[in-house]
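Have a look at the structure below, then the notes.
The values are calculated or read from the model by the stated rules, or taken from the named source; none is laboratory data. Just so you know, these numbers come straight off a predicted model, no measurement behind them. Here the Cβ is made from the backbone with ideal geometry for all residues, glycine too, and neighbour counts use every protein chain on show. The accessibility values were calculated without ligands, DNA or RNA, using every heavy atom of the protein model including side chains. Shrake-Rupley method; radii C 1.70, N 1.55, O 1.52, S 1.80 Å.
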Amino acid sequence: MSAIDFSDPTTIAFLTDALTAAGVDGLEISRPGGQLRIVISGEGGARIGVQEAIPRAAGPAPVIVKAPIAGHFCAEHPAAAVTPQTLPRSVSDADIIGFVRIGHVLLPLRAGYSGVLTRRLAEPGALVGFGDPLFEIEFPS
């Protein structure tokens, strides 16, 4: 059995049509080479995101900080009048690295690990679900 090519637009269109016909809201496939996420949004069609894995040097695998609850992702506090923090940057396990907004409530996201915050995996303002990847933290060598 051969592997499915998730970078092929025809394959993605077929999957999107099949999900829509089945009444499924979305699909997420993760594997070592990348991630495919299709979200069926009813009125505006489907949103499709493909992330290819970035080759990494040998060492401990990075930690992925995931959304603890569904809501809108905020990389910075909405009331902050500062410029966005640049990445990469050092963080401690207790640092607040972002927020999930549910209505008017902001749930702070703690790093949970000390290391280097290297990547933001969700766009600010994006609707995220429980367990969606938000940040990547690497450990110093």
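Scanning region 69-91 for residues that are at pLDDT 90 or above, within 11 Å of the chain's Cα centre (by Cα) and aromatic (Phe, Trp, Tyr) turns up at least one hit. Looking across region 105-122 at every residue that is over 18 Å from residue 140 (Cβ atoms) and assigned to a strand (DSSP E or B), the one that is farthest from the chain's Cα centre (by Cα) is identified as 105. The residue of region 65-104 that is nearest to residue 124 (Cα to Cα), among those that are open to solvent by 60 Å² or more (accessible area, probe 1.4 Å) and part of a strand (DSSP E or B), is 72.
Look at (1) out of contact with any strand residue (DSSP E or B) (no Cβ under 8 Å at 6 or more places or on another chain); (2) open to solvent by less than 40 Å² (accessible area, probe 1.4 Å); (3) on the phi > 0 side of the Ramachandran plot and you find that residue 129 fails only one, number (3).
Does region 126-140 hold any residues that are charged (D, E, K, R) and either closer than 20 Å to residue 27 by Cβ or assigned to a loop (DSSP other than H, G, I, E, B) (or both), and which are they? Steps first, please.
To start, the set of residues in region 126-140 that are charged (D, E, K, R) comprises 132, 136, 138.
Listed by number, the list holds a single entry, 132.
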